[in-house]
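Structure, as C-alpha cells:
The values are calculated or read from the model by the stated rules, or taken from the named source; none is laboratory data. Predicted model, so just to flag it, every value in this text is computed and none were measured. All Cβ positions, glycine included, derive from the backbone under ideal geometry; neighbour counts span all protein chains shown. Note: areas computed on protein heavy atoms with side chains; ligands, DNA, RNA excluded. Shrake-Rupley method; radii C 1.70, N 1.55, O 1.52, S 1.80 Å.
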Amino acid sequence: MVEREKTRTDDVPLDDKAKRMRDLLSSFYNPDHSSAPKPPSDYENLDAINSTSFDPDHYMNVLVQKSNLEGLLRRHVEMAAEIKNLDTDLQMLVYENYNKFISATDAIKWMKSNIVGMQADMEQLLDKIMSVQSRSDGVNTSLFEKREHIEKLHRTRNLLRKVQFIYDLPARLSKCIKSEAYADAVKFYIGAMPIFKAYGDSSFQDCKGASEEAIVTVVKNLQAKLFSDSESIQARAEAAVLLKQLDFPVHSLQAKLLEKLEQSLGDLQLKTVRIENILRESNDPSKQGKPFESIPSTGHEVSVHGFAEAIRAYRVIFPDSESQLIKLAQNLVIKHFEMIKQCVKRRISSANFLGALRTIWTDVLLMDEVLSEASLADFSLEAGQVTVKKYVASTFTYLLQDISDALLKVKVSPKEEAEEHALKLALEASKKAVLQGSMDLLLDFRQLLDDDLGLLVKLREFIVDWVQKGFQDFFRALDDRFLLLSGRKNPSSQDQGLSEGAPGEKVLVGIVLVLAQLSVFFEQTTIPRISEEIAASFSGDGARGYENEHAFASGEIRQIFRSAAEKLLHHYINMRTQRVSTLLRKRFTTPNWVKHKEPREVHMFVDLFVQELRAVQSEVKQILPVGLMRKHHRSDSNGSTNSSRSNALLDDRMTQKGRSQLLETHLAKLFKQKVEIFTKVESTQESVETTIVKLCLKSLQEFVRLKTFNRSGFQQIQLDVQFLRTILREIIEVEDAIDFLLDEVIVAASERCFDPVPLEPPILDKLVQVKLARSKEQSK
Amino acid sequence: MQGSSGIGYGLKYQGRCISDVRADTDHTSFITGTLSLREENEVHLIRLSSSGTELICEGLFSHPNEIWDLASCPFDQRIFSTVFSTGESYGAAIWQIPELYGQLNSPQLERVASLDAHVGKINCVLWCPSGRHDKLISIDDENIFLWTLDCSKKAAQSKQSSGLLHYLSGGAWDPHDINAVATTCESSVQFWDLRTMKKTNTIERAHIRNANYDMKKNHILVTAEDESGIHIWDLRKPKSPVRELPGHTHWTWAVTCNPEYDGLILSAGTDSTVNLWMAPTSAEDEATSESIAESATQQADPLLNSYSDYEDSVYGLAWSNREPWIFASLSYDGRVVVESVKPFLSRK
C-alpha cells in the first residue's frame, strides 16, 4: 500500500505495475510461498493483506480503533480503488491464459499433418544399408588369405633381425669399445641379456662367450675411467652408472675411491704441514714483513681445490655417500685447526695466525660449496672459536712471561758495575714491556677484529669478550706474579734472604721496590690507557660488552694494583728495616754493656747502618720519584724549636736525679707537641727513606731499652747517636720525627744507665769529627 | 676516639709487665710492677671498681729490684711471681702479699721461694694454666726449669731441662695439655714435653717475640714476629701459618688470646698502639654456613679496633679472666689503661 502511495508520488508507474504483475503471478503459482511481497511497514503484521494469516475482522477492528473518521473514509476510498484494480488484473490474467491454450492447440494440429509421410522413406533407407553390408563381407573374405601370409613373413623377418643382432653383438661391442661408446655397448648387451639367459647355453653359446668377453673389457675400461682423474666428472659418473647397470659390485669401488680420497687428504695434510713449517719460518722477525698468504698458500690452494673437486665428483658418482664425506671433510678441518693450535703454542704473530685462519677458512668455504650438508662452516666456527680463544689466552701468557723475564733479567745478572742502573733499567724495561706489549696485543687483536674473514666476523663478539676478560685475568695474574716475585708468597725464600744476606738477595730487595713502582705505573698509566683503547675499539661492536661480567673493569684492576703498590712498598721497607734490625740485634746482644769500656770511637754498626741507608738511597733514587711535599711540610712545622726543647729536656733529665724525673717526663710530653712518628708512607724517595730511618731508629730505641748500661756504655750510645745525627743530615732530609727519635734513644739509654753522666761536649765533638774525617777519607 | 673510653692509672715509674689476678673471683683486678733501675720499685695491686669506671689501688708494695716479668698465681690471689734484675744479674722469686697489709704503712712482701737455679738472664716465669697445680716453669736464656711449689714449706724444688738451648726469649704453657710448653728463641718456636724434658717439635721462624696459646681451641698458637706481623699456627701443620695478620707499624711486642671469645686477639706494639683482632680459625672445624660467612666478612678486615691513645711503646697486656671483655694494658711510661671491648663484640 505504501507502494501504492509511492506510485502516486513517483513518476514510474509502469515499472511499478510490472512488478505488481510479477508478484501476483508468483503468488498464484506457489501460494504457500512465504516470500510474498512484504507487508507495508506502517500497519505491522496485521496489515499483511497478502499473507495467509491475514485476519480481516481483526484488521478492521484495529483500523476502526486506531483511525478517526476522516482516516477511515480515506481508507475506504483507497480500498475501493484497490479492489477495482485487482479486478482488472484478474481479468487480464484469465485472458492471457486462454490465449496460450489456443496457440497450443494449433501447434498440435500442425504436427499431426506432418508425420503421416515419413514411414515410406524409412523403409527405403533400410534396404540400401542391407545391400552395402553384403558387399563388404565379400571383399573381406577374398583378402583374408593374403593378409595371413604377409603377417607370417613379417614375424620371421623380425626374428631373423634379432638373431642377426645377437650374432653381431660381439663385433658391435668391440666396435663400441674402440670408439669408447660404452653407453651403447652396455645398452646392447643389456638388450641381448634376456636372449642369452634363455638360449645362452645352447644355440648362442659362442656368441655369448664373445660378447661377455667384450663386456669384461668394457667393465675394465669403465673402471679405469672411473679412477682416472683426467676424465671429466661427467664421464666418470656415467661410467659409474654403467657399471652399476652391469651389476658390477659398485660398493667395493666406492670404498676404493673413498680410500683414494682419504689418501689425497693425507697428501693435503702433508702439504699443510709444509705450510706450517713455512709459517714457522716466516715467523722469525726478518721475514715477518712479507705478507703471509703469498708464500705458501698458492700450492696449498691448488691441492685443496683438487680435493674439493674430487669430493664433488665422488658425490656425483655415489650420491648416497654423504656421511662418509662429511666425516672426511670434518677430519680435514679438525686437522687444520690442530695444526694451528700447535703453532699457537709456539707463539706466532697475529698476522701469521690470521693467515693460517684465512687459509683454513678458504678451504672450508671451498668444501662448503661442494658439501653444504656437512655444515662445515658451523663446524669450523666451533673449532675456530676454541682456537682463537686459545690464541688470545696464550698471547696474554706470553706477555706475562715477557714482563717477568724483563724483571728477572736483573736478578740473574747482579754485576757490580751494572748495579748502579740495574734497577732503573729493569723498571724501564718492564714498563716498556707492559705498555708496548699490551699495545701490540691490542693491535693484534684489532687486526683480528678488523679482518673481514667470515670466521672472524662471526666470532667478533666473542673476541671482544675474550680480549676484555683476557686483560682482566692478565692483570690479576700479574698481581699474583708480583707477589710471588717479591717473595711475599714464598716464606722460605724470605727466610733465606734474611739469614744469608747474599748479594742475590740484595737485588731481590730492589726488585720489590721496582715492583712497587711498576704497580703504581700500571695503576696510573697503563690501565687507563688500555681501558681507553678497549673502549675505543673493543666495545663498539660488542654492544653487550658493558653488560656482561667479563668486561674489563679498569676500576677494580686499578684498585688491585693500588693496594699491591702499597703492599709492595711496605714489604720493601720491611725487608730493609729487617736487615738493619739484625744488625742492631747483633750489636746489642754481644757486648756486656754493664762492663763497657770508655768510648774511644764511634762504633762500627753506625757505619753499617749508614751503608745500608746508602744502598736504600741508591735503589730509591733509581726507582721512585722525588717528592715535592716534603720540604713544604718541614717548613710548615716548627721543627727547630721542637728539637731544641727536647734537647733541653734531655740535659735536665741527665743532671737531675730524683723521684720527680718521670713526672717531669710526663709533663714535658704533655706540653710537647706529640710527634707523629709513623705517618703514611708515600711512594716518593724522601718518604720511603725517612720511613726506613724512622723504623730503624725506633728499633734502636727498643733495643736500648732492653739493656742496662754503665756510664761508659751510655756514653758510647751517646757518641754513636751524635755521629748518626750528623751523618744522617748529610744523607737525607732530616725531619722532626727523626730528631725526636734520636733524642729518645739517648733518653732511653740514660734511663737504663746506673750512672748517666754524658760525655763532655768538646770530647763528643772531637770524637765525632775524627770519625767524620775518617769516613770521608774512606769514601774518597 | 676510642682511647677516651679507657680507664687510666699511673704508676710512678716505667713498667713493662701486667698480669690478671685470676684467683680473685670477686673483683676484676690486675697486678703490675715497675721497672726502674735507680729508684725503689713497687708492685701495684689494682682493682676495677664495681661500677667499672675507676681503677683503685688496692695495695702498694715495695719490691727490691726492677721487675721484668710478673705473673699472678692462678689459685691464690695473694701469690705472684716476679723476674727481677739488679742491672747486672737476674733473679726470680715467688712472693706472697702479707695478710695484714691494710694496716701497715709500707708493707713488705713475703718471699715464699726463690727460684735460684739460673745463671743467665731469666726471661719469664709461667704458672700452670690449668688452675690448682703447684707447678711453675721458669725460662732463662738457656734452660727451662720445672718447679714444684710447696707454699707451706716455703720452698721449691726444681727439675732442669737437659741440653743447650740457645737464646730462649720466652714461652707459653699449653692450657690444653699440662705437659706441653712452647718456648720462643732466636730462630724458632720449640715445643717441650715436661715429663721427659725433651723437645717434641719446632716451627722454624725467625725472631719470634711472643707466643700465646688459644685458650679455647686446641693446637692453636699465636705468635708475634719480628717482621711486624702476627701469625696464627695450627700446631698439627707447623709448615706454614693458618693466618697472617699485619700486626703493627713497628714491632709487635705481645699477643694474647681472649680466654672466652674465640678468635679474639689483642696485640701490643712499639708503635704505641694496642690492636684488637678478630681472626677465627674455625673454617675447617665447624663448617657451618654461618661461620663461613662470618669468616668471609672477617677476612675483609680482621682488625676490629686500634687503641692508639698511648704515649709510649706498650709492653704489658692482659685479658681479665673474670670479665673476659676487659683487658689491661701497660705502656712504658707507666700508664695502665683498662678498656672494654664490648662495643666490638656486639657489633659482631
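The table for this structure:
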item	result
Residue match in segment A:734-749 (condition: modelled with pLDDT under 85 and in a loop (DSSP other than H, G, I, E, B))	yes
Verdict on A:Arg725 being under 24 Å from A:Val620 (Cα atoms) and not acidic (Asp, Glu)	yes
Test: residue in segment A:116-129 that is open to solvent by 90 Å² or more (accessible area, probe 1.4 Å) and outside any helix (DSSP H, G or I)	yes
Any chance A:Val434 is part of a helix (DSSP H, G or I) and under 15 Å from A:Ile527 (Cβ atoms)	yes
Residues of segment B:222-241 satisfying the condition of being over 19 Å from the mean Cα position of the chain (by Cα) and either crowded, with 23+ Cβ neighbours inside 10 Å or within 13 Å of chain A (Cβ to nearest Cβ) (or both)	B:Glu227, B:Pro238, B:Lys239, B:Ser240, B:Pro241
Considering residues of segment B:1-44 that are more than 26 Å from A:Leu706 (Cα to Cα) and in a strand (DSSP E or B) only, the residue nearest to the other protein chains (Cβ to nearest Cβ)	B:Ile7
Pairs with Cβ under 7 Å, 6+ apart, first in segment A:749-763 and over 9 Å from A:Arg711 (Cα atoms) and within 9 Å of chain B (Cβ to nearest Cβ), second basic (Lys, Arg) and in a helix (DSSP H, G or I)	A:Arg752/A:Arg705
Every pair of residues 6+ apart whose Cβ atoms lie under 6 Å, when the first sits in segment B:160-189 and is within 14 Å of chain A (Cβ to nearest Cβ) while the second is open to solvent by 50 Å² or more (accessible area, probe 1.4 Å) and modelled with pLDDT of 85 or more	none
Test set (1) part of a loop (DSSP other than H, G, I, E, B); (2) more than 14 Å from chain A (Cβ to nearest Cβ); (3) surrounded by 18 or more Cβ atoms within 10 Å (Cβ to Cβ) - B:Arg47 fails condition number	(1)
Failed condition for B:Thr53, given (1) open to solvent by 20 Å² or more (accessible area, probe 1.4 Å); (2) hydroxyl-bearing (Ser, Thr, Tyr); (3) within 14 Å of chain A (Cβ to nearest Cβ)	(3)
Those residues of segment B:211-227 which are among the acidic types (Asp, Glu) and either under 17 Å from B:Leu317 (Cβ atoms) or not in a loop (DSSP other than H, G, I, E, B) (or both), in sequence order	B:Asp214, B:Glu225
Of all residues in segment A:442-460 being crowded, with 16+ Cβ neighbours inside 10 Å and among the acidic types (Asp, Glu), the one that is nearest to A:Ala356 (Cα to Cα)	A:Asp451
Selection status of A:Thr577, farther than 23 Å from A:Ser683 by Cα and either open to solvent by 10 Å² or more (accessible area, probe 1.4 Å) or modelled with pLDDT of 85 or more (or both)	no
Some residue of segment A:733-748 being within 14 Å of chain B (Cβ to nearest Cβ), within 19 Å of A:Leu584 (Cβ to Cβ), touching a strand residue (DSSP E or B) at 6+ places or on another chain (Cβ under 7 Å) and not β-branched (Val, Ile, Thr)	no
Residues being surrounded by fewer than 22 Cβ atoms within 10 Å (Cβ to Cβ), in contact (Cβ under 8 Å) with a residue 40 or more places away in the chain and more than 12 Å from A:Ala553 (Cα to Cα) - total across segment A:468-484	4
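This table checks each residue for (1) acidic (Asp, Glu); (2) touching a Lys or Arg at 6+ places or on another chain (Cβ under 7 Å); (3) surrounded by fewer than 10 Cβ atoms within 10 Å (Cβ to Cβ).
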| position | (1), (2), (3) |
| --- | --- |
| A:Ser53 | no, no, yes |
| A:Met60 | no, no, no |
| A:Gly71 | no, no, no |
| A:Glu78 | yes, no, no |
| A:Tyr95 | no, no, yes |
